Amino acid sequence: MAKWTPQHEAPEPLEGPVVATITGGTIVWFALFLVQLPFYGWFDDHDHLWWLWTCLAGGGLGLIGVYYVRRRDAAIKRDATRKSAVE
């Protein structure tokens, strides 16, 4: 296994508009759910009802994700403010 151990430092993680990305994805999941909702009968007849519930679950998990990344972003900003006040 030592042969496969990387010999270089890992790069720094990329930071971007995380809150906006997760919020946008959550909106897309809920929009897909709402678009498919009028076709509930068709999905039920063709055993594709899981498509509808997958979109709803994606939206629900996205709400948890939005909560998480907003708190993470606030904690990062608090830490940066604290570090700049100390220096």
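We did not get these values from a lab; they are worked out from the coordinates using the rules stated. Predicted, not measured: the structure shown is a model, and the values here were computed from it. No Cβ is skipped: glycine too gets one built from the backbone with ideal geometry, and neighbour counts run over all protein chains shown.
At a glance:
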| quantity | calculated |
| --- | --- |
| Highest-fluctuation residue, ALA74, ALA20, ALA31 considered, GNM on the chain with Cα pairs under 10 Å | ALA74 |
| Computed [θ] at 222 nm, deg cm²/dmol, the chain (DSSP H ≥ 4; -39,500 (n - 2.57); rounded to nearest 500) | -25000 deg cm²/dmol |
| Magnitude of the charge dipole, the stretch 17-82, Cβ model with Lys/Arg +1 and Asp/Glu -1, debye to 20 | 740 |
| Dipole of the chain, positive end: most advanced residue of THR26, TRP50, PRO38 [Cβ charges, Cα centre] | THR26 |
| Fluctuation leader among GLY24, GLY41, GLY60 - the chain, Gaussian network, Cα springs under 10 angstrom | GLY41 |
